[in-house]
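K.L.:
First the structure, which I've put down as structure tokens, then a few questions once you've had a look.
The values are calculated or read from the model by the stated rules, or taken from the named source; none is laboratory data. Everything numeric in this text was worked out from a predicted model, so none of it was measured. For neighbour counting, all protein chains shown are included, and Cβ atoms are generated from backbone atoms with ideal geometry for every residue, glycine included. What goes into the accessible areas is simple: the full protein's heavy atoms, side chains included, and nothing from ligands, DNA or RNA. Shrake-Rupley method; radii C 1.70, N 1.55, O 1.52, S 1.80 Å.
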Amino acid sequence: MNSTRKKILLVIASVLLAGWALITIIPMYWMLVGSVQDTTMSASFKPQMIPEQLSMSPYERFFAKTDAWRWLYNSLLISVILTVTNVFFASLAGYAFAKLKFPGSQAVFWVLLGTMMIPAQVTLIPLYILMVNVFDLGDTYTAIILPAAVSVGNIFLMKQFMSTLPTSLIHAARIDACSEFGIFWKVILPMAKPGIAVLAIFTFVASWNEFFWPFLITNSNEMRTVQVGLASFVFAESTDFGAMMAGATIGALPMIILFFSLQRYFLQGITIGAVKG
């Protein structure tokens, strides 16, 4: 009886999950289909879910009407730099909080965690004034990158992961007269590769998909990222929905490929923060 009940519950759960997955996939499927149809069909109230004719003209119009290559370059450059800075600084801070005992370490760590309770929208105005009026960095790569060079969430992630690493190896390295940075570089980082991989992937995805701050701090078309550029891809007389769908597909394609290539790291990232430190 119990076995039959479990099977029924498993079937119900599978059907619900399959239905939810289908609902989630439909917008992405329609984005892809809309990018290979003409503008009239892609903007239709009753769209063709299976297009009769395929056309690559929306992609041609997207690259012809926009600075798409510049937008993609900006997104890639910013995402790579932010991934490198977050991995380096978050790993250093995570190692310090997890393995080094210094006065006030717990207080500093809890203060940092407390900042995560502050909504990001609250700090946008003072951050914008600081970058534009005080430092005169408006419409620059520095203004986009500097506020996100390292995040408290990533520090917490690395602290939790490094808390699971054996402390005996650190003591052995100190006996061999290895410096603290040498211990971090030669001992901790090789053991922390799984956590670093998760951190790098999550940071790259978040940086690539970031919209509001680049939209706020940039003015020129040359400094826009692909996400901001897509939002500005609207014309006064009409909107080319086919080209817009093509741009959205191009912007989403790297993240889709990244997820399916490294999905085990995405799943691992869900559990790292839950490890007891």
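K.L.:
For the range 100-114, in order, what is each residue's ³J(HN,Hα) by Karplus, 6.51 cos²θ - 1.76 cosθ + 1.60 with θ = phi - 60°, in whole Hz (x at glycine and Pro)?
P.N.:
Result, rounded to whole Hz: 9, 9, 9, x, x, 4, 5, 5, 4, 5, 6, 5, 4, 4, x.
K.L.:
Just how large is the dipole of the chain about the Cα centre, in debye to the nearest 20, putting +1 at every Lys and Arg Cβ and -1 at every Asp and Glu Cβ?
P.N.:
The calculated dipole for the chain is roughly 1420 debye.
K.L.:
Could you pull out the longest piece of the chain with no exposed loop GluC sites (Glu not before Pro) in it, calling a site exposed if DSSP puts it outside H, G, I, E, B and it has at most 10 other Cβ atoms within 10 Å?
P.N.:
That would be 53-236.
K.L.:
Quickly estimate the mean residue ellipticity at 222 nm for the chain, helices only: each DSSP H run with n ≥ 4 gives -39500 (n - 2.57), and the total goes over all residues, rounded to 500.
P.N.:
-21500 deg cm²/dmol
K.L.:
Mind listing the phi-derived Karplus ³J(HN,Hα) values for the range 192-209, rounded to whole Hz, using 6.51, -1.76 and 1.60 with θ = phi - 60°, and x for any glycine or proline?
P.N.:
In residue order, the calculated couplings are 9, 4, x, x, 5, 4, 4, 4, 5, 5, 4, 5, 4, 4, 5, 5, 5, 8 Hz.
K.L.:
May I ask for the distance between the Cα centers of the range 85-114 and the range 197-227, given as a whole number of Å?
P.N.:
If you average the Cα positions of each part, the centres end up 25 Å apart.
K.L.:
For Gln37, list long-range residues whose amide hydrogen, built 1.01 Å from N in the peptide plane, is under 5 Å from its own amide hydrogen.
P.N.:
For Gln37, whose amide H was placed from the backbone, the distant partners under 5 Å are Ser55.
K.L.:
Also: Per residue and in cubic angstrom, what volume does the convex hull of the Cα atoms of the chain have?
P.N.:
206 Å³
K.L.:
Using a probe radius of 1.4 Å on heavy atoms only, what accessible surface per residue do you get for the chain? Whole Å² is fine.
P.N.:
For the chain, the per-residue accessible area is 59 Å².
K.L.:
Per-residue accessible area for Thr24 at 1.4 Å probe radius, Å² rounded to 10?
P.N.:
70 Å²
K.L.:
Can I ask one more? Sequence gap of 8 or more, or different chains, plus Cα separation below 26 Å: how many lysine pairs satisfy both in the chain?
P.N.:
Value for the chain: 13.
K.L.:
Now, a different point. Report the calculated FRET efficiency for Tyr141 and Trp185 (r = Cβ-Cβ distance, R0 = 25 Å), to the nearest 0.05.
P.N.:
With R0 = 25 Å, the Cβ-Cβ based efficiency is 0.35.
K.L.:
Whenever you get a sec, compute what percent of the accessible area on the chain sits on carbon and sulfur atoms (1.4 Å probe).
P.N.:
Carbon plus sulfur share of accessible area: 72 percent.
K.L.:
So between Ile50 and Ile257, what do we pick up on full extension, going 0.36 nm a residue minus the alpha carbon distance?
P.N.:
Extra length available between Ile50 and Ile257 comes to 72.2 nm.
K.L.:
Could you please put Trp185, Trp30 in sequence from largest to smallest accessible area, using a 1.4 Å probe?
P.N.:
Order by accessible area, largest first: Trp185, Trp30.
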